[in-house]
Amino acid sequence: MPIYEYRSSQPPGCPHCQTTFEVMQSMASSPLETCPECSGPVEKVFSTTALHGTGSTGDVLSNKNLAAKGFTKYQKAGDGHYERVAGSGGPQVIQK
Ligand SMILES: [Zn+2]
């Protein structure tokens, strides 16, 4: 589920929303309009950090980050031949 960042749209807000706070929401749910702490108005902050603690989108999808998140990635290395490029699960090479 993506993480959205919000902050108070009408200062001063409360300590919770004076700075940005993160809410995990499904894509389908409607955006938060009020602070859960003080019920003051909040606005969504555009965030590219869908996966927390990572940098740009490129980093999120990097092999190193995929491995860190527990994903295993294979890359086609030939005809019916796949090499594991990220993660530790599964064989190093898959041969069809
Ligand atoms: Zn607040």
Next item on the list: Beta carbons within 10 angstrom, averaged per residue: use that to sort the peptides 27-37, 9-19, highest first.
Entry: 9-19, 27-37
Item checked: Compactness of the chain - radius of gyration and Dmax, Cα, Å -> 19.6, 61
Next item on the list: Mind giving me the nanometre distance, one decimal, between the label points for THR20 and GLN95, set 7 Å out from Cα along Cα→Cβ?
Entry: 4.9
Checklist line | Lysine pairs meeting the criterion (Cα under 29 Å, 8 or more apart or interchain), as found in the chain | finding: 7
Check: With each pseudo-label sitting 7 Å past Cα toward Cβ, what's the ASN63-GLU83 distance in nm, one decimal?
Finding: 0.7
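For SER29 and GLU5, compute 0.36 nm times the residue count separating them, minus their Cα-Cα distance, and round to one decimal in nm.
7.2 nm
Where a number appears in this text, it was derived from the coordinates with a stated rule and is not lab data. Worth saying up front: this structure is predicted, and the values here are computed from it rather than measured. Positions of Cβ are backbone-derived with ideal geometry, glycine not excepted, and every protein chain shown enters the neighbour counts.
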